[in-house]
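Since every read-out is calculated from the coordinates, none of them should be taken as a lab result. Every value quoted in this text rests on a predicted model; they were computed, and no experiment measured them. Ideal geometry is used to build each Cβ from the backbone, glycine not excepted, and the neighbour counts take in all protein chains shown.
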Amino acid sequence: MPFSKFGLSVSQFLILIIWVVERDFRNKWRALVSNPIALGLISIYLIHLIGLAYSQDFDYAMKDLRIKMPLLSFTIFASWIFPLERKYINQILNIFSLAVLVGVFIAFYRIFFIALDDIREASIFVSHIRFSLMICTAIFIAFYNVIRAYHQYFYLALALFLIGSLFILESITGLIVLSAAAFFLSIYLTINRKGKTLGLSLTALFLIAISIASFQLKKEFDVFYSYEAISDPSTLEYASASGEVYYHKIESTLHENGTLIWSYIAFKELEKAWIKKSELGFKEQDAKGQPVYSTLIRYMSSKGLRKDSIDFLRLSEADIELIEMGHTNHLYANNSSIKKRVYETLWEIENLKNGGNPEGNSVAQRLVFWATGWQIFKENFWLGVGTGDVKVAFEKAYEAGNTELSTQFRHRAHNQYLSIAIAFGLFGLLFFLFFYFKPLYFQRDNLLLLLFLICSGMSFLSEDTIETQIGISYIVFFYCLFGMNKFSWKAQHKA
């Protein structure tokens, strides 16, 4: 799962062959209809079939149904395969954890020994967000073994290492999911009498971690929003030392490290100075696909410089190379950290507030996706647009809204709940929520299933998790594995 889409397809095909060759279809049918987990997932696939009745784009609908086929196919297989003996379950969990660990080491190698333009490129086999969810799942498995006192020191070390990897990989999604799961786990153990001590300890650690994170976030917010606004335009200097009239965009509050970006700009001087130092054109794109002039202006602002020929001379050869590579802030040019991600996120939001184009900015783009998706949902409130018409609906909405996003950036909702609501309306969303999350009530003692549901449910807020092959395979496999086997934290290990 962490390594190969092709391998996933082959493995599911092999399971199908084995399932057919085994025959005994009568008992398999009985196993299926008596399995509430299987019926719940199949019900979710059923609403996609119902949605065909009012879809017009059947090509897209068939593609969507094919991607989500594991909701039907693997669920049918799993209802016959599970539950398994504990020793086989342990082998599956250990193999998965090992695969995730290898994936993390490969990502580390790419981070530390290969110059990556984007930290997300560290995960080369699957999406970095999907991979972060797998890391979280491996952490849940490790902690499950810790609290059951099964090789607890080994699994504690593994869990701590994987938690650290989320910071190195700058996985905001993974850290948020993990925080939500930790909060739930602390409450879960505290209200269970035998786990009260462990639960209270975990609660204390969680509160300490949240307090530290909140303090750091407030510090970053205060630093980011500390800049000198233009209160009186008449105080601005009119021209550079070389005589070019400065460009000042008075209304813009965009800044880098406290220096306003769109003030004190001498475009002609800057262009002449740039072409003497770089073979990359002033209006061409840098290595990250951004306009060079925009990257240059932001970078000079980050150093507190005016954007004219005089201050341009203060840039070193190393600065020029960093600008060509697409780095917009000298403080974060050679830095990879959560602090950098927080700064970039705040800048994206500020840029959007100032009327900037959100293209290429993951957070800002999501805000546009959500706003567009919400408008589509409101216009198709009760039944949605159907299984196959979600893509067409978004295309029409982008055109009607005169979006600034180029065609290649016009994506779907990036929110699974919203995607379901757009396709099947309010009734479909309620149907999905009931069948997907009902184990929260009916299997309250199944710890790994509950943690998985929190993990996947949180991921649905910022991703269309079940709209891709890796995402749906991850969801269905662990939903069935955890839901059709018992993982009570009080259970004792059996070899």
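The charge dipole of the range 233-324, taken about its Cα centre with unit charges on the Cβ atoms of Lys, Arg (+1), Asp and Glu (-1) only, comes to about 120 debye.
Neighbour counts of C-beta atoms inside 10 Å place ARG26, ARG130 in the sequence ARG26, ARG130, starting with the fewest.
Think of the chain as having a plus end and a minus end, set by charges on the Cβ of Lys, Arg, Asp and Glu; of ALA423, ALA142, ILE475, ALA142 sits farthest toward the positive end of this dipole. The charge dipole of the range 161-300, taken about its Cα centre with unit charges on the Cβ atoms of Lys, Arg (+1), Asp and Glu (-1) only, comes to about 880 debye.
From least to most packed, judged by other beta carbons within 10 angstrom and beginning with the fewest, GLU404, GLU269, GLU244 follow the order GLU404, GLU244, GLU269. Rounded to the nearest 20 debye, the dipole size of the range 356-436 about its Cα centre is 160 debye, using +1 on the Cβ of Lys and Arg and -1 on the Cβ of Asp and Glu. When both the range 412-434 and the range 350-401 are represented by their alpha-carbon centers, they are found 14 Å apart. When the Cα positions of THR235, TRP274, GLN285 are compared along the charge dipole of the range 233-324, THR235 comes out farthest toward the positive end, with charges on each C-beta of Lys, Arg, Asp and Glu. The range 228-307 and the range 44-120 have their alpha-carbon centroids 46 Å apart.
Over the residues of the chain, the helix contribution to mean residue ellipticity at 222 nm works out to -20500 deg cm²/dmol, using -39500 (n - 2.57) for each DSSP H run of at least 4.
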